[in-house]
Amino acid sequence: METKMTGTNGSVDSIVFDKPAVEDGADMWELVKNSTLDLNSSYKYIMMCEFFAETCVVAKENDELVGFVTAFIPPEKQDTVFVWQVGVDTSQRGKGLASRLLDALLERDVCDEVLYLEATITPSNEASQALFKKLAKKRDTEVTVSECFTEDLFPDDEHEEELTFRVGPFTK
């Protein structure tokens, strides 16, 4: 699915949103490695592309990966899509790409029965909090925040607690 986007400088950018291929996993890992996001193993990104391609989205400009969403529908919550990670290349920051990636995810056929989108976010990650609040506002629904994983669960002393942001219900 190709879409056009007007950039902040008035230029028109061509971003293609698609399902990832396993070959995209390495580029996703590289994007995260060069960012402030939590870096997972390269295997995680390849695995998400292979086994969860229906609920993951890649954004490419001129065949170069510039953003992605990794997500899945938990077996025990078929009405919910859980977003594991949203990554946006520095060249695309401030252009609304993260929002467009979430929209592309929610427009997938696999999300036809999805009423909620969830993600866990640390208290200091104001950018991600704003992203999911913006999604709720755009879709005229609610966002609720609840405790998910407390700091004491993490083996390293540097990881903050993770809060669940639940957006929805979405109207179909």
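The values are calculated or read from the model by the stated rules, or taken from the named source; none is laboratory data. Source: prediction; values computed, not measured. Heads up, the Cβs are rebuilt from the backbone with ideal geometry, glycines too, and the neighbour counts pull from every protein chain shown. Remember, those area values only see protein heavy atoms, side chains included, never the ligands or the DNA or RNA. Shrake-Rupley method; radii C 1.70, N 1.55, O 1.52, S 1.80 Å.
Observations on the model:
- Fraction of accessible area attributable to carbon and sulfur, the chain (%, probe 1.4 Å): 49
- Computed over the chain, the per-residue total of -39500 (n - 2.57) for DSSP H runs of n ≥ 4 gives a 222 nm mean residue ellipticity of -7500 deg cm²/dmol, rounded to 500.
- Members of 19/77; 33/134; 33/60; 19/44; 95/137; 95/133 lying beyond 24 Å, as alpha-carbon distances in this model show: 33/134
- Summarising the strand pairing of the chain, around 90 percent of its internal DSSP beta bridges are antiparallel.
- Model label sites at residue 90 and residue 43, defined 7 Å from Cα along the beta-carbon direction, differ in position by 3.0 nm.
- Checking every one of the GluC sites (Glu not before Pro) in the stretch 124-164 against DSSP loop status and a limit of 16 other Cβ atoms within 10 Å picks out 158, 160, 161.
- For residue 16 and residue 50, the FRET efficiency from 1/(1 + (r/R0)^6), where r spans their Cβ atoms and R0 equals 22 Å, is about 0.60.
- Against the set (1) 1.73; (2) 1.22; (3) 0.95, the structure's computed Rg/Rh (Cα atoms, Kirkwood Rh) falls on (3).
- Distance between the 7 Å Cα→Cβ label points at residue 126 and residue 142: 2.7 nm.
- Accessible surface calculations at 1.4 Å, restricted to protein heavy atoms, place the chain at 56 Å² per residue.
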